[in-house]
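Student: Below is the structure I would like to discuss, written out as structure tokens.
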Amino acid sequence: MTATSLPIPHDSGSASGTPANRPIRVLLVDDQPIVGKSVRDMLSGESDIEFRYCPDPAAAIDLANEFRPTVILQDLVMPDVDGLLLVKFFRANPATRDVPLVVLSSKEEPVIKARAFALGANDYLVKLPDKLEVIARIRYHSRGYIALLERNEAYHSLAESQRELAAEVRQAARYVQSLLPPKLGSGAVTIDWKFVPSTQLAGDMFGYLWLDPDHLAIYLLDVSGHGVGSSLLAVSAANVISAKSLPNTDPRDPGQVITRLNDVFQMDRQDGKYFTIWYGVYHASARRLAYCNAGHPPALLWSAGQLHQLEADGPGVGMMPEMPYDTRTIDVAADARLLVYSDGVFEIEKPDGQMWQFGDFIERITPELTQEGLIERHLSFSRIIRGGDVLGDDFSMVEARFLPPVAAEETKGESRRRKKATAQDATGSG
């Protein structure tokens, strides 16, 4: 036997609130043509319902895959294929696994009902019930299934959008990392750093540059919020600082620099975003550090056996117009160390929901300031505290070591020797 199609005319609208692009589709599997005609007659006045009749249970799966029903009506007693076995086949078939299945039976037997429900049937009718009941159950089960399809589509669409956004964030993170300066391994100041972007990509950015042979500028800023917008603002601010393009500003005066940044980057012109920043200038011959802090976590200076917290002078850049920022200074002893960082290195949420506090960070980091490998050890510790490798915020940490004159000359000499040896190796290999 072959499947017989009994289409019901339908318009583009929906009598029951079902979306026009999601018609109700009823597949009846029953070997008795009289049952097929009876159901067709019941549905003949329902303009939003499509009907397909299959008298051959062996062809039911293929027809269902092609027709895509929103509800299946199925007899239990049919030749060649046991009705309960067909229920099991429908549930094993990917295209019909979630389609509501209403069993039709000539008898109301509790044992048969229990077996049908155990195999995955959604409903049980003793055939043939009243027309109103048939239509009501078809609409009820179809609405639920159509809602499931729409939820699944929305989920898949959201998941795809999230994948695309994650790809954009990874690309933005790579761009940010490409702008970070090379580490300094020789000279009067050596600098090490670590930048680990979070999954959301925050707005961390840092840099350093010799303004002249005697003045080294170091800065680290953190834009409010997360995402590509925050990252782009961080890049824009860093470009302005690195290019020394602020008008009527001495880049060796941290207070002037941040005051001008505040004029340029007012948050009402930056989509409501502002940023905190620590900006310092080391005067090498005088061994003095000038700095200004706009709402940023205090930089830590370990000098002459003492820890100095270089606190904030004012609010974040962009929060208050025409805000003057002052420059502060501090002496820098031989072999002193400076640690500049973002709040992502200490605002860490533990697995139990508790936050690691700034005081805990200071207590832990203080004895580390005189040791090598400080940054990597703290990153490892942060991941332990977090309970995983993925951090909730950008991790940015810059460590500057101010060498005494003799050590500085030794590092310069070692650097020159390495370059000479590399050049000789290249010549010899050629």
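The values are calculated or read from the model by the stated rules, or taken from the named source; none is laboratory data. Just so it is clear, the model here is predicted, and its values are computed rather than measured. No Cβ is skipped: glycine too gets one built from the backbone with ideal geometry, and neighbour counts run over all protein chains shown.
Per-residue answers, yes or no, for (1) loosely packed, with under 14 Cβ neighbours inside 10 Å; (2) of a type in the set (Val, Ile, Thr):
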site	(1), (2)
Ser157	yes, no
Val196	no, yes
Phe206	no, no
Ala217	no, no
Val223	no, yes
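Student: Tyr282 - would you say it is at pLDDT 95 or above, under 30 Å from Ala333 (Cβ atoms), touching a Gly at 6+ places or on another chain (Cβ under 9 Å) and surrounded by 17 or more Cβ atoms within 10 Å (Cβ to Cβ)?
Tutor: Against the criterion (at pLDDT 95 or above, under 30 Å from Ala333 (Cβ atoms), touching a Gly at 6+ places or on another chain (Cβ under 9 Å) and surrounded by 17 or more Cβ atoms within 10 Å (Cβ to Cβ)), Tyr282 does not qualify.
Student: To continue, here is another question. Go through segment 106-136 and give me each residue that's at negative phi, of a type outside the set (A, V, I, L, M) and out of contact with any strand residue (DSSP E or B) (no Cβ under 6 Å at 6 or more places or on another chain).
Tutor: The answer is Ser106, Lys107, Glu109, Pro110, Arg115, Phe117, Pro129, Asp130, Lys131, Glu133.
Student: Would you point out the residue of segment 341-366, among those that are over 18 Å from His308 (Cβ atoms) and among the small types (Gly, Ala, Ser), that is modelled with the lowest pLDDT?
Tutor: The extreme case among them is Gly353.
Student: Suppose we keep only residues that are within 14 Å of the chain's Cα centre (by Cα) and of a type outside the set (A, V, I, L, M) within segment 183-202. Which one would you say is modelled with the highest pLDDT?
Tutor: Pro197
Student: Looking at segment 105-121, is at least one residue among the hydrophobic types (A, V, I, L, M, F, W, C), surrounded by fewer than 17 Cβ atoms within 10 Å (Cβ to Cβ) and under 23 Å from Asn152 (Cα atoms)?
Tutor: The answer is no, given that none of the residues of segment 105-121 is among the hydrophobic types (A, V, I, L, M, F, W, C), surrounded by fewer than 17 Cβ atoms within 10 Å (Cβ to Cβ) and under 23 Å from Asn152 (Cα atoms).
Student: Of all residues being basic (Lys, Arg) and over 23 Å from Tyr282 (Cα atoms) in segment 367-416, which is modelled with the highest pLDDT? Just the residue, please.
Tutor: The residue in question is Arg377.
Student: Select from segment 47-63 the residues that are in a strand (DSSP E or B) and over 17 Å from Val77 (Cα atoms) and list them in ascending order.
Tutor: Result: Ile49, Glu50, Phe51, Arg52.
Student: Right, something else. I'd like the residue in segment 124-143 that is aliphatic (A, V, I, L, M) and over 15 Å from Leu101 (Cβ atoms) and, out of all such residues, is surrounded by the most Cβ atoms within 10 Å (Cβ to Cβ).
Tutor: Here the residue is Ile135.
Student: Being closer than 21 Å to His215 by Cβ and out of contact with any Phe, Trp or Tyr (no Cβ under 7 Å at 6 or more places or on another chain) is the filter here, so list the residues in segment 301-311 that pass it.
Tutor: Result: Leu301, Ser303, His308.
Student: Got a number for residues in segment 228-257 being within 37 Å of the chain's Cα centre (by Cα) and not in a helix (DSSP H, G or I)?
Tutor: 4
Student: Test Gly387 against the stated conditions and say whether it is of a type in the set (Gly, Ala, Ser), in the same structural domain as Arg252 (by TED's automatic domain parsing) and within 29 Å of the chain's Cα centre (by Cα).
Tutor: Yes.
Student: Looking at segment 62-96, which of its residues are surrounded by 18 or more Cβ atoms within 10 Å (Cβ to Cβ), touching a helix residue (DSSP H, G or I) at 6+ places or on another chain (Cβ under 6 Å), under 19 Å from Tyr145 (Cβ atoms) and among the aliphatic types (A, V, I, L, M)?
Tutor: Val71, Leu86, Val87, listed by residue number.
Student: Inspect all residues belonging to segment 334-344 and state whether any of them is loosely packed, with under 15 Cβ neighbours inside 10 Å and over 30 Å from Val390 (Cα atoms).
Tutor: Looking for residues that are loosely packed, with under 15 Cβ neighbours inside 10 Å and over 30 Å from Val390 (Cα atoms), one finds at least one in segment 334-344, hence yes.
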